[in-house]
Amino acid sequence: MSQIECDVLVIGGGLAGCWAAIRAREKAARVIMVEKGKVARSGKSSFSGAGILCPYPADDLDAWRREIVVRGEYMADQDVVDALLAEQPARIREMGEWGLGYERDEKGDLLRTGGLGSMTTRVVTVSSQEMMEVLRRRMVELGVRILDRTYVTGLLTSDGVYPTTGAVTGCYGFNTRTGEPQTINAAATVLAAGGLGYFYFTGDGIAMGYRAGAEVWGMEFTRTMDQMTFQERFSDIHLITFQRLGMRLYNRLGERFMERYYPEQRENATRQQMALAVILENLEGRGPVQAGLNHLDRESLNKLRTLPSTAPRVRAMEREGIDFGKDRIAFNVHSGFINAESGGLKHNPHGQTTLPGLYVAGETGGFPANGAGTIPLKLASCCVEGYRAGESAARYAIWAGSRPVKRDQVRWLEEEAFRPIKAGKGMAPEELMDQVYEYLRPAGVSIFRSAGPMRALLAEQEGWTMAAAGLKARDWHELVKVHQKRSYIDCVGLTFRSSLERQETRGMNLRADYPYRDDVDWLKHIILKREGDGLKMKYEPLPMDKYKVRPDKLEKVPVKAPWPKHFAQRGKD
């Protein structure tokens, strides 16, 4: 059995993982990062919108806090929000010192603009690829050992069982090009393996932690209409820059329909608001929708072509014959791709999960500062939460030391990891996922949820789980896909079990049978935990009495979101 030992293991090489590894290496001697692709070239961080929350100490941070909490519909951990506002300026400054270039104004100062749907908070934009290259370079300078192209299939535990009553002691995985198995024994482990969303972000970290026995929270707050596209084939990466420069949306009748739904924000609405409005226009026969940039002046159009955040995408569209200065562009929303925005492994403000030795950062932890909302906090949360988790993990590692690997558990994980590639027959992973996506795609299943369809979906999910156990893989690349699809299907179950339980509409949880926010009964987390082969659910009320931002009064608040009438009228069937 090949085995590597370290003080701190970081699983995942996105922004949160890099910050965790950097801070852990400043405190501990041996830090290893594993990434299923190549750090700085894979994961959401490498092609994110790169609009990073950028508070200044001189800002009215009380107003910032209030906007974040209110737009998060009061579900945010306000201790984490305060830490984010206090510590993010240092993370911005440090990345600049390491060589990251920020967009600046004519005076040379950082150019701060409004983020998606924000009225008070401000973000600064960067090239996401450059950001990740800078962080990789910093890790190398500090001596972090990076294992690219290493896919992790399971966590090691001190008692060798799932769900564990002991501590997490590392991980098991394999090289995605050679299939070489890898066992890493770690005193502390940070899971920063991304979240759940689109095709390739399949909730591996969430599923791994849940299987090992960690508690999961907030899974009902998922977007299922997240992926917006230009001309049906160019994704909406860096949408924030298009919004800032003045993009307008028009329906088939030539109307700027966002004014009807959100008169104050219009096209500066959040992703969820924009997606809901586009979907409703299509459902009610006023689609297709188009995005207009042809009213912009030459300077603004040139910014789209030259800013690091948008230039590659805009140039690709122009090579396809799209002329932003003349044409309106088809703009659409695709549903059915579950994207966990505020759900993941439960943890405290320092990244500690409910399992000793296991820490979490980034999307795997569900962004507790975000609450149930869509304020653009993700990248800033990755910076601050990654830094905090890395520091806490290093301190734990120094205190606890390493524990021996259970060889029986490694043999079991090895058998589970490689069974699909040894299978002589079985379904291919993409064939199963086509079925899953097709089922989730209708708006009445994944977006506008109600009890009857969700119960039917959960029954289907049990069948998908059984089918996933029999998937086959023809090579190492497809073996990764098999494990990713299993994780995704597990997370679909967690998502809709939580959504079925939360009998209200809040944030991403759009319940057509409960079209109101219920601050009387639902200012609490739904927490899921694996027990044996089953699932245990419990509630954890938010400590509203100690928080600074609270609803004016506890009541049931009708939701102002666009509601297609035929979904709202189905009731609780």
Look at ALA269 and say whether it is surrounded by 14 or more Cβ atoms within 10 Å (Cβ to Cβ), in contact (Cβ under 8 Å) with a residue 40 or more places away in the chain and aliphatic (A, V, I, L, M). yes
Report whether or not ALA186 is modelled with pLDDT of 95 or more and either in contact with a Gly (Cβ under 9 Å, 6 or more places away or on another chain) or acidic (Asp, Glu) (or both). yes
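Test GLN290 against the criterion of being at pLDDT 90 or above and more than 30 Å from GLN352 (Cα to Cα), and give yes or no.
Working: at pLDDT 90 or above: yes; more than 30 Å from GLN352 (Cα to Cα): yes.
So GLN290 fits the description; yes.
Go through ALA76, ALA63 for me and flag whichever is among the small types (Gly, Ala, Ser) and crowded, with 17+ Cβ neighbours inside 10 Å.
Details: ALA63 fails: crowded, with 17+ Cβ neighbours inside 10 Å.
Just a single option satisfies the conditions, and that option is ALA76.
May I ask you to say which residue of GLY195, GLY203 is in contact with a Cys (Cβ under 8 Å, 6 or more places away or on another chain) and closer than 30 Å to LEU276 by Cα?
Working: GLY195 fails: in contact with a Cys (Cβ under 8 Å, 6 or more places away or on another chain).
None of the others qualify; the one that does is GLY203.
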Find the residue count for the range 2-41, including only residues that are of a type in the set (Asp, Glu) and part of a loop (DSSP other than H, G, I, E, B). 1
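Let's see how each residue does on (1) touching a Cys at 6+ places or on another chain (Cβ under 6 Å); (2) crowded, with 24+ Cβ neighbours inside 10 Å; (3) outside any helix (DSSP H, G or I):
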{"position": "PRO356", "(1), (2), (3)": "no, no, yes"}
{"position": "TYR359", "(1), (2), (3)": "no, yes, yes"}
{"position": "THR364", "(1), (2), (3)": "no, yes, no"}
{"position": "ALA369", "(1), (2), (3)": "no, yes, no"}
{"position": "GLY373", "(1), (2), (3)": "no, yes, yes"}
{"position": "SER381", "(1), (2), (3)": "no, yes, no"}
{"position": "GLU385", "(1), (2), (3)": "no, yes, no"}
{"position": "GLY390", "(1), (2), (3)": "no, yes, no"}
{"position": "ALA393", "(1), (2), (3)": "no, yes, no"}
Would you confirm whether any residue within the range 275-292 is part of a loop (DSSP other than H, G, I, E, B) and more than 26 Å from ASN509 (Cα to Cα)? no
Just to be sure before I move on: is ARG260 modelled with pLDDT of 85 or more, assigned to a helix (DSSP H, G or I) and surrounded by fewer than 19 Cβ atoms within 10 Å (Cβ to Cβ) in the structure I sent? yes
Considering only the range 397-409, I want to know if a residue exists there that is within 30 Å of GLU87 (Cβ to Cβ), buried (at least 24 other Cβ atoms within 10 Å of the Cβ) and either among the hydroxyl-bearing types (Ser, Thr, Tyr) or touching an Asp or Glu at 6+ places or on another chain (Cβ under 9 Å) (or both). yes
For the range 144-156 the number of residues that are in contact with a helix residue (DSSP H, G or I) (Cβ under 6 Å, 6 or more places away or on another chain) and of a type outside the set (A, V, I, L, M) is 3
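Of all residues being aliphatic (A, V, I, L, M) and under 12 Å from GLY386 (Cα atoms) in the range 12-50, which is surrounded by the fewest Cβ atoms within 10 Å (Cβ to Cβ)? Just the residue, please.
Step one: list which residues in the range 12-50 are aliphatic (A, V, I, L, M), which gives 15-16, 20-22, 24, 28-29, 31-34, 39-40, 50.
Adding the requirement that they be under 12 Å from GLY386 (Cα atoms) leaves 15-16, 20-22, 24.
Details: LEU15: 33, ALA16: 36, ALA20: 36, ALA21: 32, ILE22: 23, ALA24: 33.
Ranking the candidates gives ILE22 first.
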Which of (1) in a helix (DSSP H, G or I); (2) over 28 Å from ILE279 (Cβ atoms); (3) in contact with a helix residue (DSSP H, G or I) (Cβ under 7 Å, 6 or more places away or on another chain) does VAL480 not meet, given it meets every other one? (3)
Per-region count, the range 135-160, residues over 19 Å from the mean Cα position of the chain (by Cα), hydrophobic (A, V, I, L, M, F, W, C) and buried (at least 21 other Cβ atoms within 10 Å of the Cβ): 5
Given the conditions (1) among the charged types (D, E, K, R); (2) farther than 25 Å from GLY390 by Cα; (3) out of contact with any Gly (no Cβ under 7 Å at 6 or more places or on another chain), every one holds for ARG91 apart from (2)
Tabulated pairs, the range 449-468, first in contact (Cβ under 8 Å) with a residue 24 or more places away in the chain, second exposed (fewer than 14 other Cβ atoms within 10 Å of the Cβ) and in a loop (DSSP other than H, G, I, E, B), C-beta under 6 angstrom, 6+ apart or interchain: ALA451/LYS572; GLY452/ASP573
On the basis of being of a type in the set (S, T, N, Q), surrounded by 19 or more Cβ atoms within 10 Å (Cβ to Cβ) and under 30 Å from ARG30 (Cα atoms), does GLN129 make the cut? no
Would it be correct to say that TYR539 is of a type in the set (Ser, Thr, Tyr), out of contact with any Cys (no Cβ under 7 Å at 6 or more places or on another chain), modelled with pLDDT of 95 or more and more than 24 Å from GLY452 (Cα to Cα)? no
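For ASP148, are the conditions met, namely being of a type outside the set (Phe, Trp, Tyr) and closer than 30 Å to VAL69 by Cα?
Numbers: of a type outside the set (Phe, Trp, Tyr): yes; closer than 30 Å to VAL69 by Cα: no.
The answer is no for ASP148.
The values are calculated or read from the model by the stated rules, or taken from the named source; none is laboratory data. Small disclaimer: the values here were computed from a predicted structure and weren't measured. Cβ: placed from backbone, ideal geometry, glycine included. Neighbour counts: every protein chain shown.
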